[in-house]
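Have a look at the structure below, then the notes.
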Amino acid sequence: MKVIHHSVETLQTALVSNRQDLAKLYRKYTREERQLLEGGLRAGQPGSQFQPITVHSDSDWIPAHPEEPQSFESFYSNPHRKNPDASHNTIYIQTIGSFGKPGAETDQYVGWLREYCQVFFSGLTVKLLPAVTVAETRCAFRVNNDSQNLQILTSDFLQFLWNKKPKDAFWLIYIPMIDLYPRESWNFVFGQASLSKGMGVFSFARYDDDFYSKTYAGKLKKSLHPKQGDYSLFDGYYTPPITSTLLLRSCKTLTHEIGHIFGLKHCQWLNCVMQGSNHLEESDRRPLDLCPICLRKLQTVVGFHIGERYKALLEWTEEDPTQSVKEASAVQAFPKPTEAFQTSVKSMLICTSFIKN
Ligand SMILES: [Zn+2]
Ligand SMILES: [Zn+2]
């Protein structure tokens with residue numbers, strides 16, 4: 001295990017920049033906002049809500065994928081970065097198949113994800129498109145030889161997405177609970193995106209606590225050779241049950257991937273939801289929220305009020321989960337499982353304590 005320590009000067013330059021115009025822009029934050037952001041310079045010390053990155057093994061992202069760290073200045077001056085504009089300002093999320101049980105439970109789960117993205121990217125519009133079935137996408141699929149679960153081909157998805165992208169979409173994300181493969185020779189892939197086309201597909205199938213167990217309920221017979229075009233295997237096929245861990249993992253993935261479309265690269269500064277991740281255990285180590293350097297990047301693009309955003313994030317983890325469903329329809333309400341979010345709530349509380357609205 002190795003803790004990545006950066007000097008205070010390095011972190012300060014990454015956050016504020018040596019460029020005069022960017023330092024001037026930084027001084028436009030209120031004193032309280034700057035105090036909050038500068039908590040990152042004391043990461044790991046008592047009173048700081050931020051932590052340094054700990055590398056656990058050579059298979060972690062940073063040793064496995066050496067990259068140039070992205071400071072605020074390099075983010076800001078990247079000419080290829082795309083910003084939302086007046087005619088492309090909505091992020092669309094579309095699910096494929098069910099999450100938990102079909103119907104009201106799936107609708108509720110996807111509703112939580114939409115609301116979470118809405119508060120994480122405060123100020124941006126996040127909308128849901130009606131769910132589609134795998135059969136409607138006409139994707140190729142297979143049963144994986146090793147893990148024996150159903151998988152769908154991502155390139156077919158991206159083509160399907162392209163044909164359906166709404167005109168005002170800044171980005172369109174597909175989230176299936178079915179596992180993915182990018183080409184025949186690959187075992188699986190968590191997701192695939194096309195930055196130039198503004199769309200991506202990310203599966204949550206492997207976020208099931210049981211996925212890697214021998215008794216995984218999504219395993220099919222090895223001898224099964226499904227006929228392409230016959231989607232009956234997907235009817236009633238196992239999908240992960242809704243749990244607090246599944247919700248936490250889904251929220252992290254969605255915000256991490258949307259972060260990339262705003263031009264945020266993998267974070268190498270501090271513990272941060274934008275850290276790269278090579279495996280599920282490393283993804284689980286990532287915190288829910290952004291480090292101060294990535295927070296400044298996002299704030300500059302989206303323009304939210306830092307304190308209001310933390311308040312809204314806290315409210316999302318605390319709100320009465322039964323209320324919105326009861327109001328929307330007469331169906332049975334499902335409580336939002338937020339137990340897994342409690343560690344993150346503690347650090348968000350420290351953040352809000354800096355900023356009195
Ligand atoms: Zn990433
Ligand atoms: Zn970061």
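Rule-based calculations on the coordinates, nothing more; no lab input. Please read all numbers here as calculations on a predicted model, not as lab measurements. Counting neighbours? That spans all protein chains shown, and the Cβs are built from the backbone with ideal geometry, glycine included.
What full-extension length gain, to one decimal in nm, is calculated for Asn18 and Ile350 as 0.36 nm per residue of separation minus the Cα-Cα distance?
116.7 nm
Nearest-5 percent of antiparallel DSSP beta bridges in the chain?
Percent antiparallel among DSSP bridges in the chain is about 40.
Which of the residue pairs Lys127/Lys252; Lys101/Lys297; Lys2/Lys346; Lys127/Lys336 have a Cα-Cα distance greater than 29 Å in the structure shown?
Lys101/Lys297
What percent do you get for the relative contact order of the chain when only Cα pairs under 8 Å and 6+ apart count?
Relative contact order here is 21 percent.
Could you tell me whether the stretch 127-181 comes out rounded, prolate or oblate from its Cα gyration tensor? Rule is a ≥ b ≥ c as square roots of the eigenvalues, rounded for a/c under 1.5, then prolate if a/b exceeds b/c, otherwise oblate.
Because a/c hits 1.5 or more and a/b exceeds b/c, the stretch 127-181 counts as prolate.
Label 7 Å along Cα→Cβ of Lys197; the stretch 101-145 residues with amide nitrogen under 15 Å?
Answer for the stretch 101-145: 137-140.
Could you pull out every residue, at least 5 positions away or on a different chain, whose amide H is within less than 5 Å of the one on Lys127? Hs are placed 1.01 Å off N in the peptide plane, and Pro or chain starts have none.
Ile91, Tyr92, Ile93
Over the stretch 90-250, what is the mean sequence separation of C-alpha contacts under 8 Å (at least six apart), divided by residue count, expressed as relative contact order in percent?
For the stretch 90-250, the relative contact order is 26 percent.
Which value in deg cm²/dmol, rounded to the nearest 500, describes the helix-derived mean residue ellipticity at 222 nm for the chain, given -39,500 (n - 2.57) per DSSP H run of n ≥ 4 and division by the residue count?
-10500 deg cm²/dmol
Over the Cα atoms of the chain, how large are the radius of gyration and the largest Cα-Cα distance (Dmax), in Å?
20.8, 66
State, to one decimal in nm, how far the label point of Thr243 lies from the label point of Glu9, with both points 7 Å from Cα in the Cβ direction.
Result: 4.8 nm between the two label points.
Could you list which residues have their amide H under 5 Å from that of His88, counting only those 5 or more apart in sequence or on another chain, with H placed in the peptide plane?
Placed amide hydrogens put nothing under 5 Å from His88.
Packing-wise, with mean Cβ within 10 Å as the measure, how do 206-218, 142-154, 77-89 rank, highest first?
Taking the mean over residues of other Cβ atoms within 10 Å, the ranking is 142-154, 206-218, 77-89.
In the chain, which Cys residues have no partner Cys with a Cβ closer than 4.7 Å?
Here Cys117, Cys139, Cys251, Cys294, Cys351 come out as lacking a disulfide-compatible partner, given the Cβ-Cβ threshold of under 4.7 Å.
So what is the orientation-averaged projected area of the stretch 138-279, using the convex hull of its C-alpha atoms, in nm²?
Projected over every direction and averaged, the Cα hull of the stretch 138-279 covers 9.8 nm².
Taking amide H atoms as placed 1.01 Å from N in the peptide plane, list the residues 5 or more away in sequence, or in a different chain, whose amide H sits under 5 Å from that of Leu290.
Result for Leu290 returns Val273.
Starting from the 7 Å offset along Cα-to-Cβ, what nm value, one decimal, do you get for the label separation of Asn145 and Lys101?
About 3.9 nm, to one decimal.
If each residue of separation counts as 0.36 nm, what is the full-extension length gain between Ala86 and Val132 once their alpha-carbon separation is subtracted?
Here the answer is 13.8 nm.
What shape does the stretch 1-55 take by its C-alpha gyration tensor, where a ≥ b ≥ c are the square roots of the eigenvalues and a/c under 1.5 counts as rounded, a/b above b/c as prolate, and the rest as oblate?
Here the stretch 1-55 falls in the oblate category.
Within the set of other residues whose C-beta is less than 10 Å from the C-beta of Ile53, count the net charge using Lys and Arg as +1 and Asp and Glu as -1.
+2
Could you derive backbone 3J(HN,Hα) for the stretch 157-165 from the dihedral phi with the Karplus parameters 6.51, -1.76 and 1.60 (θ = phi - 60°), listing whole Hz in sequence and x where the residue is Gly or Pro?
Rounded to whole hertz, the list is 4, 4, 5, 4, 4, 4, 6, 10, 5.
Please build a GNM for the chain, connecting alpha carbons under 10 Å apart, and tell me which residue among Val55, Val201, Val273 fluctuates the most.
It is Val55.
Quick check: pseudo-label points 7 Å beyond the Cα along Cα→Cβ at Glu339 and Lys227, how many nm apart are they?
It is 4.6 nm.
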